[in-house]
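Comments concern the structure below.
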Amino acid sequence: MNTSNHITQDDQLLFALQLLPEAEMIAAHDHLLTCEDCRRQVAWIQGDLASYALTAEAQAPPEAARERLMRAIAKEKRMAPKPVAVAAAAGSAPVKTPTRSEKVFSIEDAPVKHKMGVAGWAGWAVAAAAIGAAGLQYQQTQGFQHELAESRAELTQVSAEASKASLVLETLTDSRAKQIALTLPSTTPALPEGHASYLGSKGSLVFVANHLTQLEPGKTYELWLIPSGKDAKPIPAGTFNPDSQGRAMKMLASLPKNVDVAAMGVTVEPDGGSPAPTSPILLLGD
């Protein structure tokens, strides 16, 4: 350290960490009382050390300062204080010369090297604890940010899927949507067909037909229940007429109950229906 001019950069860092030997700490302190430039540099270093608690990256001291510190520690290990007995006045007990750790140094008689005191180790401990805490805080923050990014991505995907599902539902249920049935192109008209469901325990029936042709005036379609058995007579199940698209639906709840139905058929009858089916049977199913 050169206190006649300015404190070196390495010694400024060691002073801020309280790791200079005591003599040099005292000399540096005296120099800082009169040198504004060095005070400013040390203040910046102390500010950087304080900010380590808010950062994840620990900054190592300069290599030259580190080597100097290691040499000082190694030398202190080799220097063991040796008590020296000094003869006192006749008849009095020997007096032990104060050891290095017991001696109180002034500015004038401070030794060149001195064992690192409690304050020095405390400086290292505080800096290490601050850096460790900052690293842990940084890792926790990074983990939280990663989880938050994943949650935002999942939320975006769920929102997109919900929007798509809402659009599909609206397309299917909106009364303004145009419903079109696509079939294999053909030059021949589609054949008539019907679907019936009879619940014997209730005497109820639902019948739906498609592609029926329009009948001449005075004629109507009639549905028949055909019971099983050789001599069983068909039971009329209501008359109906298709709309302009050839579609028809019939719902009944007053048919005979528990009929053992073997088949169903559709015939063309006069308006009002017939007591017995008229040939031919246009639709037949069992």
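Observations on the structure shown:
- Residues of segment 19-52 classified as in contact with a helix residue (DSSP H, G or I) (Cβ under 7 Å, 6 or more places away or on another chain), at pLDDT below 85 and not hydrophobic (A, V, I, L, M, F, W, C), total: 2
- Applying the condition of being charged (D, E, K, R) and more than 19 Å from residue 284 (Cα to Cα) to segment 182-218 and asking which residue is modelled with the highest pLDDT yields 216.
- Any hit, segment 162-175, residues being touching a Gly at 6+ places or on another chain (Cβ under 8 Å) and either modelled with pLDDT under 85 or charged (D, E, K, R) (or both): no
Table: residues versus (1) surrounded by 16 or more Cβ atoms within 10 Å (Cβ to Cβ); (2) more than 25 Å from residue 271 (Cβ to Cβ); (3) aromatic (Phe, Trp, Tyr).
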site: 195; (1), (2), (3): no, no, no
site: 200; (1), (2), (3): no, yes, no
site: 210; (1), (2), (3): yes, no, no
site: 214; (1), (2), (3): no, no, no
site: 225; (1), (2), (3): yes, no, no
site: 228; (1), (2), (3): no, yes, no
site: 244; (1), (2), (3): no, no, no
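- Qualifying residue in segment 234-257 (condition: over 60 Å from the mean Cα position of the chain (by Cα), assigned to a loop (DSSP other than H, G, I, E, B) and of a type in the set (Asp, Glu)): no
- Residue in segment 251-259 that is within 16 Å of residue 192 (Cβ to Cβ) and loosely packed, with under 12 Cβ neighbours inside 10 Å present: no
- Every pair of residues 6+ apart whose Cβ atoms lie under 6 Å, when the first sits in segment 236-254 and is assigned by TED's automatic domain parsing to the domain that holds residue 211 and among the aromatic types (Phe, Trp, Tyr) while the second is modelled with pLDDT under 90 and surrounded by 13 or more Cβ atoms within 10 Å (Cβ to Cβ): 240/250
- Considering residues of segment 261-281 that are surrounded by fewer than 14 Cβ atoms within 10 Å (Cβ to Cβ) and touching a residue at least 40 places away in the same chain (Cβ under 8 Å) only, the residue farthest from residue 233 (Cα to Cα): 271
The values are calculated or read from the model by the stated rules, or taken from the named source; none is laboratory data. Note that the structure is predicted; figures quoted are calculated from it, not measured. Note: ideal-geometry Cβ built from the backbone for every residue, glycine included; neighbour counts use all protein chains shown.
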